[in-house]
2 protein chains.
Amino acid sequence: MPIIVQKYGGSSIESIEKIRNVAKRISECRKKGFDLVVVVSAMGKTTDYLIDMAHQVSSKPKKREMDVLMSTGEQVSISLLSIALNDIGIAAVSYTGPQLGIKTEGYHTKSRISEIDKEVILSEINRGKVVIVAGFQGVNEKNEITTLGRGGSDTTAVAIAAKLECPCEIYTDVDGVYTVDPRLYPSARKLESISYDEMLELASSGAGVLHTRSIELAEIYNVPLTVALNTGDIKGTIIKELDETMEKTAITGLAVDNSESMITLNGVPHDIKIIADIFAKIAELDINIDMISQTTPINKLVSISFTLPKIDLPQAINILEQYKEKIFTFSYDTFDNISKLTVIGIGMKSQSGVASKMFNILAENDISVHIITTSEIKISYVINPEDQQKAIEAVAREYNL
Amino acid sequence: MPIIVQKYGGSSIESIEKIRNVAKRISECRKKGFDLVVVVSAMGKTTDYLIDMAHQVSSKPKKREMDVLMSTGEQVSISLLSIALNDIGIAAVSYTGPQLGIKTEGYHTKSRISEIDKEVILSEINRGKVVIVAGFQGVNEKNEITTLGRGGSDTTAVAIAAKLECPCEIYTDVDGVYTVDPRLYPSARKLESISYDEMLELASSGAGVLHTRSIELAEIYNVPLTVALNTGDIKGTIIKELDETMEKTAITGLAVDNSESMITLNGVPHDIKIIADIFAKIAELDINIDMISQTTPINKLVSISFTLPKIDLPQAINILEQYKEKIFTFSYDTFDNISKLTVIGIGMKSQSGVASKMFNILAENDISVHIITTSEIKISYVINPEDQQKAIEAVAREYNL
């Protein structure tokens, strides 16, 4: 029988009733003649609850131990779903990441899957079992429990589908991928399909539908990926290689990200060593700097603006304070709340002038831009949060999103 | 440095504050110069909560999946305790049962430890780490997660101590082993020491202080075992091989068990095949029959009374109903609530007449006895629950318990 990998997120299994509903959905797929591997996240807000407990114990909990703690959430889910399936007569068996030989590399709390042993899965399928897999977790070369970071269950699902060379369906509480987040722009359209590259840019620009790494993996192994509502009765969005059936518009989607802050460094000597030193110090703290822009030097001094995750702002400020003493011209401003808009479209490759047109739209609406960065298929803008709604509507109208 | 295995039960770590207290206790032991392996249970009522969730999903949850579910409780505990220790500067590292190679045999939800790999523990100790181990759990030869049954964390602790040839300290919410449960008989005395054999009989007769299997293991491997209050400031009870220092009284302790029911079978043909068949059918359901007594035959019919765990009563009744149709003389009575009193003492071996003296005590107090069973160092009585308090007081007074 053909195999499908399905993934159900935390909101799809947040209660006993919802777990029973997912069991029914799986039972229906079985009746249609599919073998199933089902990847689940932790129930509802379990992961947040566990993290909160750890922070009550220590302000800096050891990451190795955070992985031991957080991985229990998915383990509860797999056992309950397997119990629910067996209860309605569907033979099912649960596996944790380590039990399934999901090997990972890299740091605790943000490991990457390096290898999956498909033999266990296939032998259970051959015994007629639905295989229930704990998402988000694995085991490293030291036999320690690891986790893949927020949304990592998507990646578990895609990695298994890649290994089994089968399609992957991600079931969630939204019914597909939209041109713009419908909570921000209610007239946004649902996309029937989107290319891996565009989806990757959307996800990494703040559209929270899928874990970025899962899309990379799907692209590398050419896994057909569907995002759909967890009830299963509405057609979702297919993420696949670019093909003839896809729309050839300049802009496919608009992502909005409010999770970052901006810092502007003033009076920095125009000396690459000094600048590199500042950013090296920040990188040492594992702070992920996203957008950077630098002014041309005036009196051999430059201004540099960059964005970073909000939660990392206090740590970054600690470092910058040290430079105040070292460099007498140096000062900095912080902007806690910014809005990062990113327009994405594979059509940009062939249609020139998207950036300038975007500039016009923003200018016509009196929206000032702090930083711009561009790549082959996307352009990102940092604007003031109070201009966000105006900007979304202007861009969405212009490009019919 | 000398190694000690310590075990903290669910009530000792039921809150973040209590976890911090345990961390402080461990830190003090470190300062005294001990290397430590610390076994923990699930926090507070976690295991009950998880079992309840499973029963909401299914009335007959698969036992394999129950083990996957229940084992998460201890996993949460080990990570939080390890985080708490590292937070106060004590290097600690957590291990689940499967990670530590705690191999088990037997059925899910009541497996037995067959092997422990001590190399991982010793190498962490050599690195200066306190090793935090999830109690109650292991992994079977099929690489499935298993659990050891209620109280199994005691057994994990003793098994590790046996392997490391070191003492084992069980910290709990009582300050030692008493002659009688102080909740039932407030003037009960705390025992300074008790022999393995007596403790084993006490535990298997309803004194809930220790997991029976843990005492068996301690005896086989001669592990010095201490039961003490989790604050650590009161001297507990030492469980060890019988030696000169121990009291030579006829009765060391009195255990009371209210977890059983009694069934009386009437009109059973005096035919060993029929009787064996009834008990075989009950055994097939994995029901653990404890005490049995049979009357002498009258008109080739006998009455048989036996006790069994309360929760198994409905299943047993199902089976007995079938015999009503097969054997026209057959009927049965059930006694949901009974009281089982067990007096235990290594002194019984040398002092004859304990049983008859006990009979006198009960008779003097108008207490009727339904079943009696005796072994070398214990005598158990099934009495009516309404006579329980009277019986406890009479026996305790007589034997100065």
If a residue has to be outside any loop (DSSP other than H, G, I, E, B) and either modelled with pLDDT of 90 or more or loosely packed, with under 12 Cβ neighbours inside 10 Å (or both) to count, how many in the range A:289-301 make the cut? 2
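Matching residues to (1) open to solvent by less than 20 Å² (accessible area, probe 1.4 Å); (2) of a type outside the set (Gly, Ala, Ser); (3) modelled with pLDDT of 90 or more:
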| position | (1), (2), (3) |
| --- | --- |
| B:LYS190 | no, yes, yes |
| B:ILE194 | yes, yes, yes |
| B:GLU201 | no, yes, no |
| B:GLY206 | no, no, no |
| B:VAL209 | no, yes, no |
| B:GLU216 | no, yes, yes |
| B:VAL227 | yes, yes, yes |
| B:ASN230 | no, yes, no |
| B:THR237 | yes, yes, yes |
Residue under evaluation A:ILE275, criteria (1) more than 23 Å from the chain's Cα centre (by Cα); (2) free of Cβ contacts under 8 Å to residues at least 24 places away in the same chain, criterion not met: (2)
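This table checks each residue for (1) in a loop (DSSP other than H, G, I, E, B); (2) more than 27 Å from A:ASP277 (Cβ to Cβ); (3) in contact with a Cys (Cβ under 7 Å, 6 or more places away or on another chain); (4) in contact (Cβ under 8 Å) with a residue 60 or more places away in the chain.
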| position | (1), (2), (3), (4) |
| --- | --- |
| A:ILE317 | no, no, no, no |
| A:TYR332 | no, no, no, yes |
| A:ILE361 | no, yes, no, no |
| A:ASP366 | yes, yes, no, no |
| A:HIS370 | no, no, no, yes |
| A:THR373 | no, no, no, yes |
Any residue that is touching a Phe, Trp or Tyr at 6+ places or on another chain (Cβ under 7 Å) and not small (Gly, Ala, Ser) - is there at least one of those in the range A:373-386? no
Just to be sure, is B:ASP243 modelled with pLDDT of 90 or more, open to solvent by less than 60 Å² (accessible area, probe 1.4 Å) and charged (D, E, K, R)? no
Please go through the range B:375-390 and give me each residue that is part of a strand (DSSP E or B) and either of a type in the set (Gly, Ala, Ser) or surrounded by fewer than 19 Cβ atoms within 10 Å (Cβ to Cβ) (or both), ordered by number. B:SER375, B:SER380
Hey, among the residues in the range B:84-109 that are facing chain A (nearest Cβ under 7 Å) and in contact with a Lys or Arg (Cβ under 6 Å, 6 or more places away or on another chain), which one's farthest from B:LYS18 (Cα to Cα)? B:ASN86
Would you check which residues across the range B:118-136 are surrounded by fewer than 23 Cβ atoms within 10 Å (Cβ to Cβ) and in contact with a Leu (Cβ under 7 Å, 6 or more places away or on another chain) and list them? B:LYS118, B:VAL120
In the range A:138-150, which residues are under 18 Å from the mean Cα position of the chain (by Cα), open to solvent by less than 20 Å² (accessible area, probe 1.4 Å) and farther than 18 Å from B:VAL93 by Cβ? A:LEU148, A:GLY149
Listed residues B:SER77, B:SER59, B:SER82, B:SER71; which is in contact with a strand residue (DSSP E or B) (Cβ under 6 Å, 6 or more places away or on another chain), small (Gly, Ala, Ser) and over 23 Å from B:LYS129 (Cα atoms)? B:SER71
Can you work out which of the residues in the range B:1-58 that are of a type in the set (Asp, Glu) and within 30 Å of A:SER82 (Cβ to Cβ) is nearest to the chain's Cα centre (by Cα)? B:ASP48
By residue number, the members of the range B:333-350 that are within 24 Å of B:GLN389 (Cβ to Cβ) and open to solvent by 70 Å² or more (accessible area, probe 1.4 Å) are B:PHE335, B:ASP336, B:ASN337
One residue is enough: does the range A:354-373 have a residue meeting the conditions over 20 Å from A:THR252 (Cβ atoms), surrounded by fewer than 20 Cβ atoms within 10 Å (Cβ to Cβ) and small (Gly, Ala, Ser)? yes
Which one of these is over 20 Å from A:LEU225 (Cβ atoms), among the β-branched types (Val, Ile, Thr) and touching a Pro at 6+ places or on another chain (Cβ under 6 Å): A:VAL130, A:VAL139, A:VAL180? A:VAL139
Those residues that are within 30 Å of B:ASP286 (Cβ to Cβ) and free of Cβ contacts under 8 Å to residues at least 60 places away in the same chain, I need them from the range B:12-46; list them, please. B:MET43, B:GLY44, B:LYS45, B:THR46
So A:ASP286, is it in a loop (DSSP other than H, G, I, E, B), open to solvent by 40 Å² or more (accessible area, probe 1.4 Å) and charged (D, E, K, R): yes
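The values are calculated or read from the model by the stated rules, or taken from the named source; none is laboratory data. Being a predicted model, the structure only gives us computed values, none of them experimental. Backbone-built Cβ (ideal geometry, glycine too); neighbour counts: all protein chains shown. Just the protein is used for accessible areas: all its heavy atoms, side chains included, with ligands, DNA and RNA removed. Shrake-Rupley method; radii C 1.70, N 1.55, O 1.52, S 1.80 Å.
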